[in-house]
Amino acid sequence: MISFRLTQVALWLGISIWLGGLLVLGPVVAWQLFTTLAHVHAHAAVIKPQLNQPRELAGMVFGNILRIFYRIEWVCVGLVTAAVFVQTFFHLHWWNIWVWLRVLVLAALLAITLHDILGIAPQVFREHKLWIASLPASPAAAAVHRAAFAAYHADAEHDGVAEIMLLLGLLVISAWGINYPTRKKYLRLIPGTQPAAGT
């Protein structure tokens, strides 16, 4: 009972921070950074003058925020995965369709998250760095890297939306379909498993 409660704390803590972070980063943090810095015409000496300085400065700040959030996301991945694993193998009955539905949603979520953090994000930072480094000496190379950056950036946004949808699904499944009946409680509900009278 105590181990189940501990996994519940880990599960809801991981989901809430993970989902909350994704919902706040894009619609709130990124939006405010790009619109505010553009409105005040912010610029920095480290940004090349031929670039859109407010946008580049906002991107630089948001990129640093993302790097920090990726570390937080790894912690959330560990909390949620460990909680679901322990609950599935030690507390919940495998015949429950909600249990396997949650495992499948979690597997898809982990695949997209790993693809985003380990696959897409490094390419976004790499192509942006190469794009900036190519200016102004090689405009053709800069255009190629800029197009690659835009494509990877779009992929990252798609992954973020998919993560949000899967996290919402994981939340609903865990809250709606996953209850606490342990293996022992399930066994008590199965005919023929009750102890004989006087034993």
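The values are calculated or read from the model by the stated rules, or taken from the named source; none is laboratory data. In this text, all values refer to a predicted model and were calculated from it rather than measured experimentally. Glycine gets a Cβ as well: all are built from the backbone with ideal geometry, and neighbour counts include every protein chain shown.
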Next item on the list: Scan region 5-44 for residues that are of a type in the set (A, V, I, L, M), surrounded by fewer than 16 Cβ atoms within 10 Å (Cβ to Cβ) and free of Cβ contacts under 8 Å to residues at least 40 places away in the same chain and report the count.
Entry: 7
Notebook entry, point to check: Of all residues in region 45-64, how many are loosely packed, with under 15 Cβ neighbours inside 10 Å, touching a Leu at 6+ places or on another chain (Cβ under 9 Å) and within 30 Å of Leu106 (Cβ to Cβ)?
Noted result: 0
Next item on the list: Could you check, for region 26-37, whether at least one of its residues is within 27 Å of the chain's Cα centre (by Cα), modelled with pLDDT under 90 and either within 18 Å of Asp159 (Cβ to Cβ) or of a type in the set (Ser, Thr, Tyr) (or both)?
Entry: yes
Notebook entry, point to check: In region 94-118, what residues are under 12 Å from the mean Cα position of the chain (by Cα), closer than 18 Å to Leu13 by Cα and in contact (Cβ under 8 Å) with a residue 40 or more places away in the chain?
Noted result: Leu106, Leu109, Thr113
Notebook entry, point to check: Within region 120-152, which residues are of a type in the set (A, V, I, L, M), assigned to a helix (DSSP H, G or I), touching a residue at least 12 places away in the same chain (Cβ under 8 Å) and surrounded by fewer than 18 Cβ atoms within 10 Å (Cβ to Cβ)?
Noted result: Leu130, Ile132, Ala148
Note to self: Kindly evaluate Gln87 against the criterion of being loosely packed, with under 12 Cβ neighbours inside 10 Å and touching a residue at least 40 places away in the same chain (Cβ under 8 Å).
What the structure shows: no
Item checked: Failed criterion for Leu101 (all others in (1) surrounded by 13 or more Cβ atoms within 10 Å (Cβ to Cβ); (2) farther than 20 Å from Leu168 by Cβ; (3) of a type in the set (A, V, I, L, M, F, W, C) hold) -> (2)
Note to self: Filter region 61-93 down to the residues that are within 18 Å of the chain's Cα centre (by Cα) and under 27 Å from Thr35 (Cβ atoms) and list them by number.
What the structure shows: Phe62, Gly63, Asn64, Ile65, Leu66, Arg67, Ile68, Phe69, Tyr70, Arg71, Ile72, Glu73
